[in-house]
Each structure stands twice: as structure tokens, then as C-alpha cells.
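Visitor: Have a look at the structure that comes next, please.
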Amino acid sequence: MTEKKDSKLFKLGFAIIAIQGVAMMAWSFLIYNRGSLSWDSALYSQAAWMISHGHFFLFDTVAGFSFFGNHGEIIMWVLSWPALLIPASLWLLIVQVACVVGAEIMLLNWIGAKEYWKSNPKLSKSKVYILAALILAGNPWIFWSVAGDFHLESVALFFLIGACSSFDQGRYRNAFIFAGFELSCGVVGVLWLLGIGLTLLIVKDRLRVGLLTVGLSLIAFCGFYILGADQSLTIKDGYPYLGQGSSISKIFGIFTHLGDIASRIKQRLSDIFAQLGSAGVIGVLSPWGLVAPFLILLVNVSNDYRQGVFAFPGFQSLPVEFLLIYGFFDVLGKVGSMTLLHKMSLVVLGIIAIGYTLIWFPKIPTAWLDVSRASGGALSSAESMIPQGGEVIASQGIAGTLAERKYIYAMRSPGLFPVNQANLWIVVAPYAGIETESVSDTLSTLSYLATSANVTLRYSSSGIYLYEEHGLTPGESIFVGPDPSKKSVAEEPGWALESNIGQVDSQNGIPTSISSRGSLSGYVGYGAFIRSGPGDSLVAQVKLSDSGGVNVEMWDDSTNTLLAREQPSNNGIVQAALIQGVTPSANLPRVNSVLHGFGIWTVRAAPGPSGDLIEIRIYSNGSSPVTIYSVTWMNQR
């Protein structure tokens, strides 16, 4: 009877992981279908597509250097071949989920293999199995790691957990096979394996294999460094306070900049606690939950890339969650019988972990799905119009969808892009995708493209714009961004604004403005953004025609404050309405980021762009037609 009960619990634990895996896979298909794949997916999808089509020595145009220079991720030359049969970006998302779920199953088996549970009737192996499955499925950061883009860390996680389990159980042949694959995941895999090697040094009867693992990791690191696998910006720009020299010199710089590292740890304590708290905290009392997680967190938390974004829980610290969860059960098993204090402590730890689950799981769609169904369909239509092999420049938030080609560039900011073909396709999405470029710059880019010679709008729908630039000379570079001759203004076309009741007007297929429809009331145009610091004076010029019943509003979205409202009446004549406002003082509370949290479950989100988000909205009461031609922010560029 007991065996049947245990069998059911084992199956239930597996079912929990299976349900989580199905949810992850469904989410991956959703972001693929919407086209919500940004810079990271573009980098790996281009590499997978090129490798599967025989381009073995590939130059990654997304990153701007040889793909091997992106951490030396040799495993991609093995993973990429199915991209011959299935879209590369979709295939990599499938691999990502499969590796995370596979790592979870190996972790469950590793936990269940311990001898503790045989002598503890209240914590049988089957009960531990199902409890571990619930903790894994309820950990928000594991789901977050697959929620946006593909990252090779998921693959490295699979091999790492396989190596850990094998090392701990004395299956050294398997362990070193897993370790070899881990090293093939590049510099990140080397770092993670180094952490495991250091762990083995303090695990009973594992000193020799620990020394060997540390030695292999250090040799691999030096090899990758010599071969130039440290070109990634996360390495080059992540530790400026350690000096501007080589990666090796930065490692030695750690010992002379301990104060700088300590200050970053202090600033990002909430990020650290989020990763500890969601996995039960007490796992740090186990060697497996202490050494490698400490090393990984230290590297991530001290990294200044994009204002410390790697400190946030996610793909870059995946092993921390897994090893802490194993450490939690390792400590639990060694404690044996539970006193009242032990039980009360576990209740508190459970409340903390559940808090992260309840607060952070619901944030996933808001944080990671930033392409509407309509925009996703429009993006698919635009992609179908681009010739196979056509050279593409795309807004970085949707570039991953368009990356299956030899030449793909992601617009992360205005700048020069190299040209390799006579015709170039430019895809601009001002309101879709997780963008690093401001909406203002993207809208101004549309304005510039619309008036540029040899540039033709081929498609526009639901905020997706496809341009073709022709007559180019391969080898030259072109500028894509706001008009460089208009240094003091940001000109945003009315036809590209978001709207509740508007429709785009065109002449000869070229959009010219946006107009209200019939007698509908609402916002004809909104989303004309600019960034401004507290106390700044703002002036915007709105070119429109109306016959009354119109409000031109200036809002500070960061404080949800109406700064100014004008009621122009142009009697149907096209005129420019001026609106002026002042950004609220710094002591006014700002709207919290979606990546903020609550109470002890707060996580320090990486700071966004400086200044408040200021917006122009044009409202009509429906009493007369309204047409908007442009919004120009004066003295703001």
C-alpha cells in the first residue's frame, strides 16, 4: 500500500514539472507568434540559421563581431542544425524550455537519491520529491528565465546540474562528460563549473575531483581568453571600475577595488535576497548552496552593464535557484527530526517564498510581452514582404523575429549601419517590443525616413512600418535615426501616434496625418513622448486642423500629472498650437516600475532612462473633425 502511495506521489511530482513545462512552452510559442523577440534572440537566431546553412566561421552582425567572440559558445555549432527544418528562433525557444525542465528533473532525482529520507518517516523520498517539484514550479525566477528571448544559460544549466548530481553521487565518468559539455557553453559555463569545482573542495571525499574541475575551468578560461571569446559588452562594459584593460587584468583589479564591489553589493541587496528568499534561504548552509551561488551572485551583482541589470533574478543566475533548492533539502535532511523552532522557521521561509510567487508571477506578461496581437500580425506580414536573404535593420525589440539572414542589425540607438547590398529593408516599431531606443527617437526616425530620398514605405499597419532603401553602394554606411540636421527639436509624425478613434490619412500610399472618425470622442492621438528632468520647462508644437472641441494636453506619465491643457480652434485651417509646461519637482512621488515589487518582496529594478516621461495627448469631444500632422518638441534633442 505504501509503495502504491509513493508511486502516486512520484507521478504527481513529475506531473507538476510537466505542467510547468507545458506552460513554459506555451509562453514561448506566444512570444514567438507575437514577434516579441529582441536583441538576444536576434544574436542567437542569426547564428543558428547561419550555422545550419553552412556558414561555420560566422560574423554576427547583431553583435558586430565574430560569434565566437560572444563568450565562445561552441555548443551552438551542435545545437543549430534543426534550424534547417524549423525557424531558428522557435527552435531555440524549444531548446531553452527543454533544458530547464530537464535540469529540474535531474535536480529532483539528485535530491531523491540522498540517504536521509530512508531514515525519516515524516519526510519520505516521495514526499520530498513532490515538495521539491512544488518549490521549483512556484519559483518565479525560473519562469522569468524563459519568459523573454533565448539565452544559452538555460543549456549550460542542464549540463551543470547533470555534472553536480554525478559528482555528488560518485559517478565521475558521467560528471566529466557533463563538465565537458558545460565548458562548451563558453565563458559563462566555465565560470559556473569553476564554482562547482570550488564547492567540491569542501565536500567530503571530493577534494581530488574538485581540484581537477577547478584546473579544467581555469585552463578553459585562459583558452577562451587567448582565442578572443571575451568580446561581449557584458564583459567589456560590465566592470569599468576595474580598469579598461584585458579580462585578465580586470580579474586582478578585483583585489584593488574591493570597496567598489562592496558598494554595489549594498546597492543591490534586494536583488540578492530575492534570489535567496524564493529558494528557501537556508540552502546557503549547504556547500552546494553556498560556494557556487556566492561566486555567480558576486559576478552578476558587481556587473554595471546597463546599470546593473544582471543583478536582477533571471537567466544569468539560474544555477543559484537550483543549487539553493538542493541545498535547502540537503540541510533539511541533515537536521533529521524537526523541533517546533525548525517547523516555525520553515513556515516563515515558506511565506517568504510564496510571497515572491504571488507577487512576481503575475508581472511576467507585463514585463515580457510587449507586442500586441495586431502588431504581431503586422510584423509577420512585413516579414513576408522582405526577400529571402534581404539585408534588414530593425527596432531591437522585434529584431529576433527577423534574424534568419546573413545581415541583420538591431537598432538600439540612432547611428551608422554598414551596407552590404544595394537594397536595404528597415523595420521600425515605435510602440512594440522591449526597446532600448526611446519612443521619441523612434518616431523621429520615422519622420526622417518619410522624407529621405530613395526610401519607400512598403507596408504599415498596427504600429509596424517597413521601408525599403534602394540604390545603395555595398561597403558604405548609412545613418538611421532622427534627422541629424534638426539638433534642437524632436519631430514626431502625427500619423505614427497611437490612437483610440483616429485613422491614418494617406496620399499616393504615403501616410500624411491622422484624423478623427465621425463623431466619436476620445484621444485622436497620444504617445508623443519625450524625457525631461524635474523642473525643466517644456514647449511642444502640435500641427493640426480642427474646428473646436479639441484639447491638447501635456502629461507627466511618471507622476500621472496633467502639466498643461490648451484648447485651440483653427476653424479648419492647418496651424501650429503651442503648449508649455514644467516637469514636477523631484520630491513628487514617481510611479513605481512594474519591476518593483512590494514590501520585503521588493526588487531593485535597473534604473530606466533618466528624467520623467512626458507625453502629448490630443483629445476630441467629437463635435468636429480633427487632423493631426505632427508633434514637435522644441529644444529637446
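Visitor: Condition (residue is under 24 Å from Glu321 (Cα atoms) and either touching a Pro at 6+ places or on another chain (Cβ under 6 Å) or not assigned by TED's automatic domain parsing to the domain that holds Arg604 (or both)) applied to the range 244-255: is it met by at least one residue?
Guide: Of the residues in the range 244-255, the ones under 24 Å from Glu321 (Cα atoms) are none.
No, the range 244-255 contains no residue that is under 24 Å from Glu321 (Cα atoms) and either touching a Pro at 6+ places or on another chain (Cβ under 6 Å) or not assigned by TED's automatic domain parsing to the domain that holds Arg604 (or both).
Visitor: Right, here's the next one. Suppose we filter Ala403, Ala382, Ala394 for residues that are hydrophobic (A, V, I, L, M, F, W, C) and more than 14 Å from Tyr467 (Cβ to Cβ); which single one remains?
Guide: Working: Ala382 fails: more than 14 Å from Tyr467 (Cβ to Cβ); Ala394 fails: more than 14 Å from Tyr467 (Cβ to Cβ).
So the residue among Ala403, Ala382, Ala394 that is hydrophobic (A, V, I, L, M, F, W, C) and more than 14 Å from Tyr467 (Cβ to Cβ) is Ala403.
Visitor: Collect the residues in the range 335-346 that are exposed (fewer than 10 other Cβ atoms within 10 Å of the Cβ) and either among the aliphatic types (A, V, I, L, M) or outside the structural domain of Ser124 (by TED's automatic domain parsing) (or both), keeping them in residue-number order.
Guide: Within the range 335-346, Leu340, Leu341 qualify.
Visitor: Output the number of residues of the range 40-67 satisfying the condition of being more than 22 Å from Leu85 (Cα to Cα), surrounded by 21 or more Cβ atoms within 10 Å (Cβ to Cβ) and out of contact with any Leu (no Cβ under 7 Å at 6 or more places or on another chain).
Guide: 1
Visitor: Only residues that are surrounded by fewer than 17 Cβ atoms within 10 Å (Cβ to Cβ) and outside any helix (DSSP H, G or I): list them for the range 233-256, please.
Guide: Matches in the range 233-256: Asp237, Gly243, Gln244, Gly245, Ser246.
Visitor: I'm trying to understand the selection: among the residues of the range 371-380, which are surrounded by 14 or more Cβ atoms within 10 Å (Cβ to Cβ) and of a type outside the set (A, V, I, L, M)?
Guide: Scanning the range 371-380 gives Ser372, Ser375, Gly376, Gly377, Ser380.
Visitor: Here is a list: Val504, Val480. Which entry is β-branched (Val, Ile, Thr), under 32 Å from the mean Cα position of the chain (by Cα) and crowded, with 16+ Cβ neighbours inside 10 Å? Give the steps one after another, and end with the answer.
Guide: Working: Val504 fails: under 32 Å from the mean Cα position of the chain (by Cα).
That would be Val480, the only listed residue that is β-branched (Val, Ile, Thr), under 32 Å from the mean Cα position of the chain (by Cα) and crowded, with 16+ Cβ neighbours inside 10 Å.
Visitor: Okay, next question. Does any residue of the range 56-66 turn out to be of a type in the set (D, E, K, R) and in the same structural domain as Cys164 (by TED's automatic domain parsing)?
Guide: Start the filter on the range 56-66 by keeping residues that are of a type in the set (D, E, K, R), which leaves 60.
Checking the rest, the ones that are also in the same structural domain as Cys164 (by TED's automatic domain parsing) come to none.
No: the range 56-66 contains no residue that is of a type in the set (D, E, K, R) and in the same structural domain as Cys164 (by TED's automatic domain parsing).
Visitor: Somewhere in the range 127-142, is a residue at negative phi, touching a helix residue (DSSP H, G or I) at 6+ places or on another chain (Cβ under 8 Å), of a type in the set (Ser, Thr, Tyr) and at pLDDT 95 or above?
Guide: No, there is no match, as no residue in the range 127-142 is at negative phi, touching a helix residue (DSSP H, G or I) at 6+ places or on another chain (Cβ under 8 Å), of a type in the set (Ser, Thr, Tyr) and at pLDDT 95 or above.
Visitor: So, in the range 468-521, exactly how many residues are touching a residue at least 12 places away in the same chain (Cβ under 8 Å) and in a strand (DSSP E or B)?
Guide: 23
Visitor: Kindly list the number of the only condition in (1) over 20 Å from Leu160 (Cβ atoms); (2) under 24 Å from the mean Cα position of the chain (by Cα); (3) of a type in the set (Gly, Ala, Ser) that fails for Gly102.
Guide: (1)
Visitor: Could you tell me whether the range 161-168 includes any residue that is crowded, with 21+ Cβ neighbours inside 10 Å, of a type in the set (A, V, I, L, M) and touching a residue at least 12 places away in the same chain (Cβ under 8 Å)?
Guide: The answer is yes, given that some residue of the range 161-168 is crowded, with 21+ Cβ neighbours inside 10 Å, of a type in the set (A, V, I, L, M) and touching a residue at least 12 places away in the same chain (Cβ under 8 Å).
Visitor: Now for a different question. Restricting attention to the range 211-232, which residues are in a helix (DSSP H, G or I) and either loosely packed, with under 13 Cβ neighbours inside 10 Å or not assigned by TED's automatic domain parsing to the domain that holds Arg306 (or both)? Let's see the steps before the verdict.
Guide: Here is the first cut: in the range 211-232, the residues in a helix (DSSP H, G or I) are 211-226.
Those that are in a helix (DSSP H, G or I) and either loosely packed, with under 13 Cβ neighbours inside 10 Å or not assigned by TED's automatic domain parsing to the domain that holds Arg306 (or both): Gly215, Ile219, Cys222, Ile226.
Visitor: Is there a residue in the range 311-322 that is outside any loop (DSSP other than H, G, I, E, B), aromatic (Phe, Trp, Tyr), closer than 21 Å to Ile202 by Cα and touching a residue at least 60 places away in the same chain (Cβ under 8 Å)? Reasoning before the result, please.
Guide: Quick first cut of the range 311-322, residues outside any loop (DSSP other than H, G, I, E, B) only: 311, 315-322.
Filter once more, keeping what is aromatic (Phe, Trp, Tyr): 315, 322.
Those still in the list that are closer than 21 Å to Ile202 by Cα too: 322.
Checking the rest, the ones that are also touching a residue at least 60 places away in the same chain (Cβ under 8 Å) come to 322.
Within the range 311-322, one or more residues are outside any loop (DSSP other than H, G, I, E, B), aromatic (Phe, Trp, Tyr), closer than 21 Å to Ile202 by Cα and touching a residue at least 60 places away in the same chain (Cβ under 8 Å).
Visitor: Sticking with this one: When you check Trp39 against the structure, is it more than 22 Å from Glu435 (Cβ to Cβ), within 24 Å of the chain's Cα centre (by Cα) and among the aromatic types (Phe, Trp, Tyr), yes or no? Please lay out each step first, then the result.
Guide: On the way: more than 22 Å from Glu435 (Cβ to Cβ): no; within 24 Å of the chain's Cα centre (by Cα): yes; among the aromatic types (Phe, Trp, Tyr): yes.
Taking the combined requirement at face value, the residue does not satisfy it.
Quick grid of which residues meet (1) hydroxyl-bearing (Ser, Thr, Tyr); (2) closer than 24 Å to Phe273 by Cα:
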site: Val100; (1), (2): no, yes
site: Trp110; (1), (2): no, no
site: Ser119; (1), (2): yes, no
site: Trp144; (1), (2): no, yes
site: Phe150; (1), (2): no, no
site: Gly162; (1), (2): no, no
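Visitor: Determine whether the range 385-395 contains at least one residue that is surrounded by 15 or more Cβ atoms within 10 Å (Cβ to Cβ), at pLDDT 95 or above, polar (S, T, N, Q) and in a helix (DSSP H, G or I). Outline the logic, then answer.
Guide: As a first pass, look at the range 385-395 and keep what is surrounded by 15 or more Cβ atoms within 10 Å (Cβ to Cβ): 386, 390-395.
Those left that are additionally at pLDDT 95 or above: 386, 390-395.
Next, only the ones that are polar (S, T, N, Q) stay: 395.
From what is left, the residues that are in a helix (DSSP H, G or I) are none.
The answer is no, given that none of the residues of the range 385-395 is surrounded by 15 or more Cβ atoms within 10 Å (Cβ to Cβ), at pLDDT 95 or above, polar (S, T, N, Q) and in a helix (DSSP H, G or I).
Visitor: When the residues of the range 68-120 are narrowed to those that are among the charged types (D, E, K, R) and not in a loop (DSSP other than H, G, I, E, B), which ends up surrounded by the most Cβ atoms within 10 Å (Cβ to Cβ)? Can you show your working first?
Guide: First pass over the range 68-120, keeping only residues among the charged types (D, E, K, R): 73, 104, 114-115, 118.
Remaining after also requiring not in a loop (DSSP other than H, G, I, E, B): 104, 115, 118.
Numbers: Glu104: 25, Glu115: 9, Lys118: 9.
For the range 68-120, the residue satisfying everything is Glu104.
Visitor: Ile398 versus (1) farther than 30 Å from Leu295 by Cβ; (2) assigned to a helix (DSSP H, G or I); (3) in the same structural domain as Phe150 (by TED's automatic domain parsing); (4) not acidic (Asp, Glu): which is the lone unmet condition?
Guide: Condition (3) is where Ile398 drops out.
Visitor: What are the residues in the range 268-310 that are β-branched (Val, Ile, Thr), touching a residue at least 40 places away in the same chain (Cβ under 8 Å) and farther than 17 Å from Leu191 by Cβ, if any?
Guide: Val281, Ile282, Val284, Val309, listed by residue number.
Visitor: For Asn420, all conditions in the list (1) touching a residue at least 60 places away in the same chain (Cβ under 8 Å); (2) farther than 13 Å from Glu492 by Cβ; (3) assigned to a loop (DSSP other than H, G, I, E, B) hold save one; what is the number of the exception?
Guide: The number of the failed condition is (1).
Visitor: Scan the range 187-216 and report the pairs whose first residue is within 16 Å of Leu290 (Cβ to Cβ) and whose second residue is of a type in the set (Lys, Arg) and surrounded by fewer than 19 Cβ atoms within 10 Å (Cβ to Cβ), with Cβ atoms within less than 9 Å and a gap of 6+ or a chain change.
Guide: Leu200/Arg208
The values are calculated or read from the model by the stated rules, or taken from the named source; none is laboratory data. All values derive from a computational prediction rather than experimental measurement. Don't worry about glycine lacking a Cβ; one is built from the backbone with ideal geometry, like all the others, and counts go over all protein chains shown.
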